[in-house]
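The values are calculated or read from the model by the stated rules, or taken from the named source; none is laboratory data. Since the structure is predicted, the reported quantities are computational estimates derived from the model, not experimental observations. Cβ coordinates were reconstructed from backbone atoms using ideal geometry, including for glycine residues, and neighbour counts include every protein chain displayed.
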Amino acid sequence: MIKKISTLVLVLVALTSCKTEKKESTQDSNTENQAQQTLYYGGDILTMDGDSPKYVEAVIERDGKIIYAGDKAKAVNNFAGKTVEVDLKGKTMMPSFIDPHGHFMSAVLMVTQVNCASPPMGDVTDIPSMIAKLQKFKEEKGIKDGEWIVGWGYDQDLLAEKRHIIKMDLDKAFPNNKVLIVHISMHGGVLNSKALEWAGIDENTKTPEGGVIARLPGGNEPAGLLMEMAYMPVFDKLPQPSEDEMMELMEAAQMQYTSNGYTLAVEGFTHIKDMNTLKRAAKEGRFFIDIASLPGFNEMDKWLNNPEYPFGKYDNHLKFEGGKFTLDGSPQGLTAYMAEPYKVPGPNGEKNWVGNTSIPREELAKLAKTLVKNNVQINFHANGDGAIEDAIYAIENAGVKAGDNKRPIIIHSQFQKPEHLKKYVELGITPTYFTNHCFYWGDVHIKNVGLEKASFISPIKAANDLGIITSNHTDFNVTLLDPFFVMWTSMKRETRSGVILGGDQVIDGYAALQQLTTGPAYQFFEENRKGKIKTGLLADFVILDKNPLKIENVDAIKDIQVLETIKEGKTVFKK
């Protein structure tokens with residue numbers, strides 16, 4: 001159903017051939033280095049141009065751009081060079097997918113880490129199976145005593161024990177290694193005793209504002225779990241591969257995107273060291289897809305108005321898109337900032353728990369205004385309605401209105417109130433939603449916030465009905481990069497237990513595809529560059545085995561396969 005991540009498989013698959021038939025024709029076959037164009041025909045070619053499905057019979061690509069989209073009979077021209085004809089043989093071609101929000105640098109590091117996620121992302125079902133996974137990884141990678149073992153995808157709600165792992169669980173199996181298991185939200189993790197010692201966290205460590213340090217019962221001794229502002233400093237100083245090693249990992253990371261039909265990846269909170277790594281990779285020509293980076297607010301003094309980091313334009317496929325503010329945590333981790341208390345206690349058993357806010361409201365407003373004055377797009381991570389209200393306040397106080405075309409993005413925008421949407425219209429806010437939560441954590445959300453509030457999670461239909469342009473993301477590697485699973489969750493909104501969570505917010509297939517093409521293109525100020533099959537735009541295509549709009553059974557959407565991904569006329573993935 002859902003494609004599992006395997007870098008080796010992705011690279012091998014990329015070397016096989018696509019099931020389309022190509023033939024060449026030329027008016028001058030003896031001319032070396034002659035101009036070339038590609039003609040696509042013979043299948044459903046969905047343009048995504050407009051508010052309803054439109055198809056063309058043929059598309060011509062030349063020099064990485066679309067020079068023709070229309071009837072095949074009119075596609076014949078007097079081009080003097082070579083024409084490569086691609087017969088789709090009944091397959092479907094459409095604009096390639098655009099990642100509205102994810103974490104590209106995490107995708108790079110995933111190659112060096114172990115998958116500790118539960119189904120469908122992984123196979124961990126309880127604490128013993130997680131320990132076994134970590135032990136196998138240590139053995140296979142030859143990790144020595146004293147070295148780090150890092151896993152990702154840990155989700156306490158999906159473990160049989162229904163509790164957080166504590167350091168003692170890890171200490172028994174790894175007494176001589178530093179171990180970190182990154183939480184599925186990517187806003188925290190569990191450390192064993194060796195790792196906590198390395199981080200300098202003990203019973204005397206105060207919990208920072210906006211952070212969580214879980215404590216063992218009856219005292220102040222850390223249990224292992226760190227979240228939000230307690231976790232960020234630890235994450236920032238974790239040892240990473242050398243920059244030379246990072247360069248070698250770039251290809252495998254990009255293949256995770258192209259194998260799923262994406263030709264743009266987002267680096268959703270970029271530290272200055274990673275900005276420099278991305279710059280080097282771009283300079284060395286290592287990117288074959290576009291990378292949109294969102295530098296983090298906590299290092300604004302290093303990148304704002306620094307000519308080393310120009311914003312809003314591509315350089316060898318890398319663009320610094322806008323500044324990123326992280327306002328709260330994750331609802332499944334009980335660290336999303338809510339306007340009213342959760343219906344369950346907090347991570348440490350706190351009563352009347354409303355989660356965490358990372359930046360005080362007035363400070364946020366000041367920082368956001370600074371970015372607006374410097375013509376840098378503002379992006380807010382906000383899950384809870386309390387955090388969303390802080391984001392709205394900051395945007396409003398920065399003097400932004402819809403007519404200003406600033407396009408502030410609220411990332412996730414999950415537990416918003418219906419009245420927030422009117423403010424989105426007024427201020428020109430464009431949200432990127434996250435309907436995968438309906439399946440992955442819908443049942444958890446019902447428990448944590450109640451059915452009524454949970455049912456309005458990621459309200460794409462309500463937003464679209466007001467004319468708000470939206471997108472829908474995976475937050476990779478929080479959930480897998482499968483675009484068809486994203487489509488399915490927005491068209492079905494079904495939880496793991498089978499509950500339909502907010503059936504009035506279900507959207508149709510075309511609207512679901514807009515969330516992955518024209519929506520994010522608009523959000524990144526690229527609607528005249530990508531997201532549609534239209535003359536003058538980039539020749540960024542994906543070829544599918546089936547047409548998503550012609551599948552009657554919504555559940556079958558999940559089984560669609562990407563056969564080929566094309567970036568600016570060049571194949572970057574084939575199956």
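What the table shows:
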item: Residue tally, condition closer than 27 Å to W441 by Cβ, of a type in the set (F, W, Y) and touching a residue at least 60 places away in the same chain (Cβ under 8 Å), over the range 112-168; result: 1
item: Hits in the range 226-242 (condition: charged (D, E, K, R) and either loosely packed, with under 13 Cβ neighbours inside 10 Å or touching a Pro at 6+ places or on another chain (Cβ under 7 Å) (or both)); result: D236, K237
item: Positions within the range 159-176 being under 16 Å from G188 (Cα atoms) and assigned to a loop (DSSP other than H, G, I, E, B), in sequence order; result: R163, H164, I165, I166
item: Residues within the range 536-553 that are part of a loop (DSSP other than H, G, I, E, B) and either over 24 Å from K65 (Cα atoms) or basic (K, R) (or both), tallied; result: 4
item: Evaluation of T83 against (1) touching a residue at least 60 places away in the same chain (Cβ under 8 Å); (2) of a type in the set (S, T, N, Q); (3) buried (at least 16 other Cβ atoms within 10 Å of the Cβ) (one fails), failing number; result: (1)
item: Count of the range 288-328 residues which are in a helix (DSSP H, G or I) and of a type in the set (A, V, I, L, M, F, W, C); result: 3
item: Wholly enclosed helices (runs of 4 or more DSSP H) of the range 405-489 bearing at least 2 residues basic (K, R) and at pLDDT 95 or above; result: 420-427
item: Of all residues making up the range 245-287, the number that are under 28 Å from E564 (Cα atoms), part of a helix (DSSP H, G or I) and β-branched (V, I, T); result: 1
item: Test: residue in the range 264-283 that is farther than 16 Å from F380 by Cα, among the β-branched types (V, I, T) and either in contact (Cβ under 8 Å) with a residue 60 or more places away in the chain or not assigned by TED's automatic domain parsing to the domain that holds S413 (or both); result: yes
item: Residue list for the range 206-225, filter: surrounded by fewer than 20 Cβ atoms within 10 Å (Cβ to Cβ) and farther than 24 Å from I149 by Cα; result: K206, T207, P208, E209, P217, G218, G219, N220
item: Scope the range 529-547; condition among the basic types (K, R), within 19 Å of Y510 (Cβ to Cβ) and under 21 Å from the mean Cα position of the chain (by Cα); matching residues; result: K530, K532
item: Test: residue in the range 279-302 that is farther than 25 Å from V486 by Cβ, touching a Lys or Arg at 6+ places or on another chain (Cβ under 8 Å), surrounded by fewer than 19 Cβ atoms within 10 Å (Cβ to Cβ) and modelled with pLDDT of 95 or more; result: no
item: Qualifying residue in the range 563-571 (condition: among the basic types (K, R), outside any helix (DSSP H, G or I) and over 24 Å from P431 (Cβ atoms)); result: yes
item: Elements of type strands (runs of 3 or more DSSP E) contained in the range 33-79, each with 1 or more residues being over 20 Å from L538 (Cβ atoms); result: 36-46, 55-62
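Conditions tested, residue by residue: (1) crowded, with 16+ Cβ neighbours inside 10 Å; (2) over 19 Å from Y55 (Cα atoms); (3) in the same structural domain as I500 (by TED's automatic domain parsing).
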site	(1), (2), (3)
Y522	yes, yes, yes
E526	yes, yes, yes
L537	yes, no, no
V542	yes, no, no
N547	yes, no, no
D555	no, yes, no
Q561	no, yes, no
K567	yes, yes, no
